[in-house]
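The values are calculated or read from the model by the stated rules, or taken from the named source; none is laboratory data. Values in this document were obtained by computation on a predicted structure and should not be read as measured data. Note that we place each Cβ from the backbone using ideal geometry, even for glycine, and neighbour counts take in every protein chain shown.
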2 protein chains.
Amino acid sequence: MGRIPQHPEVSDFDVQRVLEALVDPVRRSIVTQLDALGADIKCGGFDLPVGKATATHHFGVLRDAGVIRQYYVGTLRMNSLRRADMDQAFPGLLDAILAAQKQPA
Amino acid sequence: MGRIPQHPEVSDFDVQRVLEALVDPVRRSIVTQLDALGADIKCGGFDLPVGKATATHHFGVLRDAGVIRQYYVGTLRMNSLRRADMDQAFPGLLDAILAAQKQPA
């Protein structure tokens, strides 16, 4: 099992990369589930409409954009929302997208 | 010259469509220029790195998502940022993206 690749520093966050990460509905679902639970979730613990390999790809895109942080607990790969880092880089963006996600409109 | 197609009502705004519209850097540039000027701009009045046909496509995507409104003044097709409608549908989203666009990070 590979170890976790590098995560970007906040100073390296890029709006284009973040929006490309969040435009995908499966990736927004991952973020929404992390936000709703308010706790870290292991990769296998999400309710997602895709297989494991595809989910792994989506986690990687979110991680490379800086939206989530991944770390191991034993053999479990955990996912954490980088809310403070996102808020620092792009104030209001994550909250606005999470809120939009909840709206019927 | 064709007349302007229908614009979506606020109640029909869709977060997926809006994010797909705003993930494109040329389309975000259109929105940024409208915001910076604080006034409506004719289609030929933007500083864009694409040709006229491509620009017309981008205007259409933004219009269909509800981000801009288009109307004619004589033979000029004008573009207006639907800021109030966007704020009503997705509070904070447009401002957060515009602010993110200005950040060096």
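Filtering the range A:43-53 to residues that are over 18 Å from A:Lys102 (Cβ atoms) and surrounded by fewer than 12 Cβ atoms within 10 Å (Cβ to Cβ) leaves A:Gly44, A:Pro49, A:Gly51, A:Lys52, A:Ala53.
With respect to A:Asp35, is the statement that it is part of a loop (DSSP other than H, G, I, E, B) and either touching a Gly at 6+ places or on another chain (Cβ under 6 Å) or over 23 Å from B:Pro25 (Cα atoms) (or both) true? For A:Asp35, the condition - part of a loop (DSSP other than H, G, I, E, B) and either touching a Gly at 6+ places or on another chain (Cβ under 6 Å) or over 23 Å from B:Pro25 (Cα atoms) (or both) - is not met. Hydrophobic (A, V, I, L, M, F, W, C) and free of Cβ contacts under 8 Å to residues at least 60 places away in the same chain: is that true of B:Ile97 in this structure? So B:Ile97 does not fit the description; no. In this entry, A:Asp35 is excluded by the filter for residues that are among the acidic types (Asp, Glu), modelled with pLDDT of 95 or more and either farther than 18 Å from B:Val15 by Cβ or touching a Pro at 6+ places or on another chain (Cβ under 6 Å) (or both).
Within the range A:31-46, residues that are acidic (Asp, Glu) have Cβ atoms under 9 Å from residues that are surrounded by fewer than 16 Cβ atoms within 10 Å (Cβ to Cβ) and at pLDDT below 95 in these pairs: A:Asp40/A:Val73, counting only partners at least 6 apart in sequence or on another chain. Of the residues making up the range B:67-75, one or more are within 14 Å of chain A (Cβ to nearest Cβ), surrounded by 18 or more Cβ atoms within 10 Å (Cβ to Cβ) and not in a strand (DSSP E or B). If you go through the range B:9-56 and keep only what is within 14 Å of the chain's Cα centre (by Cα) and facing chain A (nearest Cβ under 10 Å), you end up with B:Phe13, B:Val18, B:Leu19, B:Glu20, B:Ala21, B:Leu22, B:Val23, B:Asp24, B:Pro25, B:Arg28.
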